[in-house]
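Please read the structure below before turning to the comments.
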């Protein structure tokens with residue numbers, strides 16, 4: 001399980017625009033890396049829209065915002081277009097980053113266990129170290145909590 005001060009695992013995934021994105025290319029700036037279960041679901045849409053609403057504050061502070069789910073790049077493209085999401089969405093259908101960050105966990109839906117993405121946010125510092133881990137975040141308050149942690 002990842003902990004604060006660990007080096008953030010490298011990510012190399014396809015973005016909504018079809019281009020490859022590497023986490024290491026953001027060295028020198030803070031990164032908000034949030035994992036969410038699925039595009040176009042109520043909670044995930046509220047979470048993404050909250051990050052979009054606060055995006056100008058992140059951008060002013062030179063903080064990158066990256067959302068990751070197991071949806072395809074095409075699904076992300078449509079999701080971003082539909083809701084005007086200005087930040088990066090990365091597709092992880094093979095679960096590489098999702099598993100590397102330890103967010104692929106057993107969940108219960110109507111009492112039945114199944115595996116899925118646990119909504120979790122990581123704040124990564126300029127050197128690529130994990131500065132904060134926010135497990136089981138609430139979609140409606142996550143963006144505001146991240147802004148507060150960053151002092152923005």
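The values are calculated or read from the model by the stated rules, or taken from the named source; none is laboratory data. No experiment lies behind these values; they were computed from the predicted model shown. As a convention, Cβ positions derive from the backbone with ideal geometry for all residues, glycine included, and neighbour counts pool all protein chains shown.
The table that follows gives values for the structure above.
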{"read-out": "Output for region 124-138, where each listed residue is surrounded by fewer than 21 Cβ atoms within 10 Å (Cβ to Cβ) and in contact with a helix residue (DSSP H, G or I) (Cβ under 8 Å, 6 or more places away or on another chain)", "value": "128, 132, 134, 137"}
{"read-out": "Complete set of residues in region 70-94 that are touching a helix residue (DSSP H, G or I) at 6+ places or on another chain (Cβ under 9 Å), farther than 14 Å from residue 32 by Cα and buried (at least 18 other Cβ atoms within 10 Å of the Cβ)", "value": "70, 71, 79, 80, 85, 91, 92"}
{"read-out": "Odd one out for residue 52 among (1) more than 19 Å from residue 8 (Cα to Cα); (2) within 13 Å of the chain's Cα centre (by Cα); (3) not in a helix (DSSP H, G or I)", "value": "(3)"}
{"read-out": "Residues of region 36-48 satisfying the condition of being assigned to a helix (DSSP H, G or I) and under 13 Å from the mean Cα position of the chain (by Cα)", "value": "44, 45, 47, 48"}
{"read-out": "Selection count, region 1-17, where residues are modelled with pLDDT under 95 and within 11 Å of residue 88 (Cα to Cα)", "value": "2"}
{"read-out": "Residue within region 86-107 that is part of a strand (DSSP E or B), in contact with a strand residue (DSSP E or B) (Cβ under 9 Å, 6 or more places away or on another chain), within 21 Å of residue 145 (Cβ to Cβ) and free of Cβ contacts under 8 Å to residues at least 40 places away in the same chain present", "value": "yes"}
{"read-out": "Tally of residues being within 13 Å of the chain's Cα centre (by Cα) and without any contact (Cβ under 8 Å) to a residue 60 or more places away in the chain across region 68-84", "value": "4"}
{"read-out": "Filter result (in a strand (DSSP E or B) and closer than 21 Å to residue 47 by Cα) within region 116-129", "value": "116, 117, 120, 121, 122, 123, 124"}
{"read-out": "Residue satisfying condition, being over 21 Å from residue 143 (Cβ atoms), outside any strand (DSSP E or B) and out of contact with any strand residue (DSSP E or B) (no Cβ under 8 Å at 6 or more places or on another chain), within set 81, 74, 10", "value": "74"}
{"read-out": "Residues being under 14 Å from the mean Cα position of the chain (by Cα) and either surrounded by 21 or more Cβ atoms within 10 Å (Cβ to Cβ) or assigned to a loop (DSSP other than H, G, I, E, B) (or both) - total across region 23-32", "value": "2"}
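Conditions (1) in a helix (DSSP H, G or I); (2) exposed (fewer than 15 other Cβ atoms within 10 Å of the Cβ); (3) in contact (Cβ under 8 Å) with a residue 60 or more places away in the chain, marked per residue:
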{"position": "14", "(1), (2), (3)": "no, no, yes"}
{"position": "21", "(1), (2), (3)": "no, no, yes"}
{"position": "34", "(1), (2), (3)": "no, no, yes"}
{"position": "57", "(1), (2), (3)": "yes, yes, yes"}
{"position": "65", "(1), (2), (3)": "no, no, no"}
